[in-house]
Amino acid sequence: MFARGCELGSADACHLLVPMLIEGRGGAQLLDVAAEVAQILCEAGSGQGCSWQGNVLSRQAASNQQINHENLIAARVLYLQGCDLDSMEACGQAGALLATGTGGPPDPIKGYDLLERACRAEQWQACANVGVMARDGLAHDADRAAARDYFGMACDGGIASACNDLGIMWMQLSDRSGDERWRDPALLVFIASCDGGDGAGCSNAARQLREGRGVPTDLVRAHDLAVRGCEANSARACLLASDMRGAGEGVEGDAETARALRQKACDLGQSSACAGVDASARQD
């Protein structure tokens, strides 16, 4: 239906069609066709069209083993063009490319400004990205308070990694100030991160509950969160789950399951877990 409407010249139908082609909703993913339609929209003055065209080029740039830098250069130009046409999605994407020097020379100050603009327009990934820049001082002097605000907006917007970043900052604030009241909000956002599928958030929540850092110790819940983090491919969560399973903390002890969890942690790159796997193998 949308394809027919787009063929008949309906810009609204084209705007509905392009994301379906990019994501493969309702049929096959057709990036080349999506790029053609997006280009028509972009040339007609649609900032969203420019953003979609840049999106397709970015996807295609990373589709092979080698990065296609020409595609990234073109994508950056299109995102900037889309941002000039008031597509906040394009501003967020352009800001990220400028900040990291992808597709052209790095320009962290302009990148920061574009990410901040997109964040104000409720582009939540942009809020997460500008939070990293504020925290690490990548464009201006580091500003922890601003970083927490940006991570908070991104977390509320459903960016799981931002929830974990915010939790880490709350824990660090408690460590620096000695004020334990920030531990509770830290745990809440760690759990929100975990619920959003971020294994690192699961791992941090599990560790906090296991150690009772500013919250009541809860070994059963800690173990459950560690297992969830391991299922989300967090090496640290797998190692924590292994340690707890092996010691019978919050769960019945099971050496075989503990070894399997430790092996997964090793496979995911946790080098300290590999030594434990080797040691248990020698004991057998």
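Averaging the sequence gap over all C-alpha pairs within less than 8 Å and six or more residues apart, then dividing by the number of residues, gives the chain a relative contact order of 7 percent.
Taking neighbour counts of Cβ atoms within 10 Å as a proxy for exposure, in what order, fewest first, do 46, 177, 242 appear? Display every interim value, and only then the final one.
Working: 46 21, 177 10, 242 26.
In order of increasing Cβ crowding within 10 Å: 177, 46, 242.
Between residue 64 and residue 143, what is 0.36 nm times their sequence separation minus the Cα-Cα distance? Round to one decimal in nm.
Values: separation 79, 0.36 × 79 = 28.44 nm, distance 3.81 nm.
Taking 0.36 nm per residue and subtracting the Cα distance, the gain is 24.6 nm.
Would you please give the FRET efficiency between residue 44 and residue 107, computed as 1/(1 + (r/R0)^6) with r the Cβ-Cβ distance and R0 = 35 Å, to the nearest 0.05? The calculated FRET efficiency here is 0.80.
Can you compute the helix-only [θ] at 222 nm over the chain? Use -39500 (n - 2.57) per DSSP H run of at least 4 residues, normalise by all residues, nearest 500 deg cm²/dmol. Show your work: numbers first, answer last.
On the way: 16 runs with 211 residues, N = 284.
That calculation yields -23500 deg cm²/dmol at 222 nm.
Relative contact order, percent, of segment 1-111 when contacts are C-alpha pairs under 8 Å separated by at least 6 residues?
Working: 170 pairs, mean separation 18.3, N = 111.
Across segment 1-111, relative contact order equals 17 percent.
Measuring gaps between exposed loop sites in the chain (GluC sites (Glu not before Pro); DSSP loop; at most 12 other Cβ atoms within 10 Å), the longest gap, sites not included, is 123-251. In order along segment 100-111, the phi-based Karplus estimate (6.51 cos²θ - 1.76 cosθ + 1.60, θ = phi - 60°) of 3J(HN,Hα) comes to 9, x, 8, x, x, x, x, 9, x, 5, 5, x Hz; Gly and Pro are listed as x.
Only the coordinates and a few stated rules stand behind these numbers; no lab work does. The model shown is predicted, which means the values in this text are computed figures rather than measured ones. Heads up, the Cβs are rebuilt from the backbone with ideal geometry, glycines too, and the neighbour counts pull from every protein chain shown.
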